[in-house]
1. Could we say that Gln354 is open to solvent by 30 Å² or more (accessible area, probe 1.4 Å) and either over 29 Å from Thr93 (Cα atoms) or under 24 Å from the mean Cα position of the chain (by Cα) (or both) here?
2. Quick one: in the stretch 280-304, of everything that is part of a loop (DSSP other than H, G, I, E, B) and under 19 Å from Thr255 (Cβ atoms), which residue is most open to solvent (accessible area, probe 1.4 Å)?
3. In the list Val334, Val307, which residue meets the criterion of being part of a strand (DSSP E or B), at pLDDT 95 or above and crowded, with 16+ Cβ neighbours inside 10 Å?
4. Could you tell me which of the residues Tyr248, Tyr297 is more than 24 Å from Phe459 (Cβ to Cβ), in contact with a Pro (Cβ under 9 Å, 6 or more places away or on another chain) and among the aromatic types (Phe, Trp, Tyr)?
5. Residues of the stretch 256-271 being in a loop (DSSP other than H, G, I, E, B) and either in contact with a helix residue (DSSP H, G or I) (Cβ under 7 Å, 6 or more places away or on another chain) or modelled with pLDDT of 95 or more (or both), which ones?
6. Which fully enclosed strands (runs of 3 or more DSSP E) of the stretch 402-480 have 1 or more residues being of a type in the set (Asp, Glu)?
7. Restricting to the stretch 628-645, and then to whatever is of a type in the set (D, E, K, R) and assigned to a helix (DSSP H, G or I), can you tell me which residue is surrounded by the fewest Cβ atoms within 10 Å (Cβ to Cβ)?
Amino acid sequence: MILTALFASAAPSISAVALAAETGTGAAPVNAAAMQATDARTIIVNAPRGRVDTAVFGKRPFMRSPRLSPDGTKIAVMMTKNGVDSLGYINVTKPGSAPIFFAQAEEFREAGDRTIGSWRFVGNRTIVFTVASREIIGGRRSDVSRLVSYDIETKKISPLAWEGAGGSGANILFIDNEKETLLVSRDVLKDMSYSGNPEVIEVDVRSGKFKTVMRPNVEVSSWLVDGKGVIRAGVGSDGDSGKQRLMYRSDASGTMKTVSNEADTTFTGTQITPDIFLDEPDMAIATSNKDGYRKVYKVNLKTMQIVGDPVFGVKGYDVDGPIANKDRNQLAGVSYTSTRDRIRWFEPRLAEVQRLMDEDFGRGNAQIIATNDGETKILMLIADVNAPGGYYLFDTQTGNLNLLGWAHPVLKDFEMNPTDSIRYKASDGLEIEAVVTYPRHRTVRKNLPVIVMPHGGPFGVRDQQEFGFFPWHQAMAELGYVVIQPNYRGSGGYGKEFVKEGRKPNGYGMRMQDDLNDALTWFAQSGLIDPKRACIMGWSYGGYATARGAQRDADKWKCAIAGAGVYDFPMMKAYDTRSFGEFGANFQATADDLISISSARNTNGPWSPILIVAGLRDARIPIEQSRTLVSRLKGSGKKEGTDFKYVEQPKGTHNLPYEDVHIEWLKEAEAWAERFNPAYIASDPDKAPPVAITLASK
């Protein structure tokens, strides 16, 4: 294929971009007749001079996760209005037509309510989506998932293979768009007998009929399929021993045989599992961190030997994973994160599109997220690192790049507070990378108040430069604070040795905590922040680190803002042992003395004033964790309203899925920080700007 033929009928440059006029809802209809050729760079909208109200940052995305039909004529997408998600589709062959919605998503507001998870086309006529519900099973909250189809022609919604399904009935392994069938892995509930080991069924999405193609195997908890829809491997793990078993066969007629069965005692992901089955006999594309950093390799699955040199790696960072081509038999690209998400494309056509987009919008600002079968229509998310951005449809035959809708319903493409990635030295010499967000309204970047915001996880997770689904760094920077998000030791993406540093006995709650304190020291020495005007704020593990900081280092933090944290590790380990087994329960706290690193076990003595927020329906961190901390703070003489404040969210879950719950978290954080560590004080050379953008002004 000659790449110059890619834009054979296009204008001379893809910088000539067609943008539709905005509608009141934040969407732009795909209307070729009404479009004007506009330079691509004009999509950037200048941020307002006044401040954006904190509640705005809690809004759900207006548009998310668009999916193209194989022929490129339709786009399935979730859109939000008045805080409620609705699933629908856009017919791009009918310019100016409104989206057609067919399902409304309400998250787990009550046990038993259903919500919509993911969606995709099967053929060009049917949209298949996942519904999930949170049920009370055996006295515990559990998630149940099912598949549903929507027929665009008949407008009929039908359940798919619900009969005989156990808790998980919606794991799609393979889609055949021509036959309009899919392979689904599901656990089984038949004749009142439950099997947690999944079977694989083939489902006809038009008729709803299904048949079993792979029976459950006691050693397998997940099945892997090649590009022809053949089940080639199974993976299982033992929660007590930690061993992960990989079973493999060369073709559909072969017998599954164990090719590896090892435990990863480092919890750094040392086992190899295939990502792409190649057409070469027994060969696959997989990732391995055998040399310290995760890279992409070719692997012989019969011998489990890596073949040749790395196919792709990034100096100083792990790769995230391979991306398969449409036929799922070759490597099309690799996703990785350096200072932000990136993709290296190997497929020539997509590599050329990416190169041209990088030239027009800046490297990394345009991300290819989906294509149709012929790669003539390409869905893209285009966003500067400090802006929510928007979704666009790129037509490679005409060169037009049409705005489908902004990701954020209020901020659209505002360039918000600038961010940077900076490396600092911890007190023991280890280099730490941090994302720093600068408050755009401050006239001088010197001696500013600061919020240190540790991410969740903690292991295998990291922060990067992006606006993000939860733009808390932007919300707090907009108030006038510098926000520092340290990727403390144990964070993912920096190689397995960096993770192991956090997993040492002196890591959790100690050296990992020192990394946060050391950020204050380093950035104070640079002159950027005033270390005497510092708060700490985080959710999940970040909530743990926040409470630990309030308890352990009360002299460093003017206030603490903790959400959904673990505060009593002996209690949490007992819960995790029941959920994940003896081995799996060791993934979290690795300290020898769990009591000493538990803030709820050490409530005597000085504490920073702490805000504690928790969701009653949190299925990952039981509400008892927060209630225990509150009870023990009271027992130690701490006064509610002065030394601490507790906000329990009746409809809250671990992932803050509801707009009102999310906004409450941010507004409570704003009020607590303002009370104990105001962003602007009398000695500052500047004053807080007035609020210019609110939810009412969208």
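1. When the stated conditions are applied, Gln354 does not pass them.
2. The extreme case among them is Lys302.
3. Val334
4. Tyr248
5. Scanning the stretch 256-271 gives Met256, Thr266, Phe267, Thr268.
6. The qualifying strands (runs of 3 or more DSSP E) are 419-425, 431-437.
7. Top of the filtered list is Lys634.
Yes or no, residue by residue, for (1) within 20 Å of Gly72 (Cα to Cα); (2) modelled with pLDDT of 95 or more; (3) surrounded by 21 or more Cβ atoms within 10 Å (Cβ to Cβ):
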{"position": "Leu379", "(1), (2), (3)": "yes, yes, yes"}
{"position": "Gln397", "(1), (2), (3)": "yes, no, no"}
{"position": "Asn400", "(1), (2), (3)": "yes, no, yes"}
{"position": "Leu403", "(1), (2), (3)": "yes, no, yes"}
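The values are calculated or read from the model by the stated rules, or taken from the named source; none is laboratory data. Just so we're clear, the structure is a prediction, and the values are computed from it rather than from any experiment. As a convention, Cβ positions derive from the backbone with ideal geometry for all residues, glycine included, and neighbour counts pool all protein chains shown. Only protein heavy atoms, including side chains, enter the accessible area calculation; ligands, DNA and RNA are left aside. Shrake-Rupley method; radii C 1.70, N 1.55, O 1.52, S 1.80 Å.
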